[in-house]
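Working notes, beginning with the structure itself.
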Amino acid sequence: MSNPSCGCGHSDNTQTSAPESLTLTSTPANAEGTIGETAECPVMAGTPVIKAEAEAKGLYRDYEGQRYWLCCPGCGPKFDANPAQYAHAG
């Protein structure tokens, strides 16, 4: 089920049934060289973010000397409104 709270339609990771099992059969072409270059969105916990892509799109915030990468434009205003609430997740 989508969660409109961030405005982008990401799931809030609340599941009402057992998750499906996924098997990675190959590495996506756009993921080459990104091992160790990912982060988790502090607003939409559990949502992976490729740091380089987020930075290219301006989807990051610096707070108290730490950089936080965001999964979508809808997460920026939420982080900006209360960075201390989300900073622990980065």
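The values are calculated or read from the model by the stated rules, or taken from the named source; none is laboratory data. Since we're looking at a predicted model, the values are computed, not measured. Reconstructed Cβ throughout: ideal geometry from the backbone, glycine too, with neighbour counts over all protein chains shown.
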Considering residues of the range 68-86 that are assigned to a loop (DSSP other than H, G, I, E, B) and within 16 Å of THR38 (Cβ to Cβ) only, the residue farthest from the chain's Cα centre (by Cα): CYS72
ASP62 being under 19 Å from ALA87 (Cα atoms), at pLDDT 50 or above and exposed (fewer than 10 other Cβ atoms within 10 Å of the Cβ): yes
For the range 39-67, what are the residues that are in a loop (DSSP other than H, G, I, E, B) and of a type in the set (A, V, I, L, M, F, W, C)? CYS41, VAL43, MET44, ALA45, LEU59
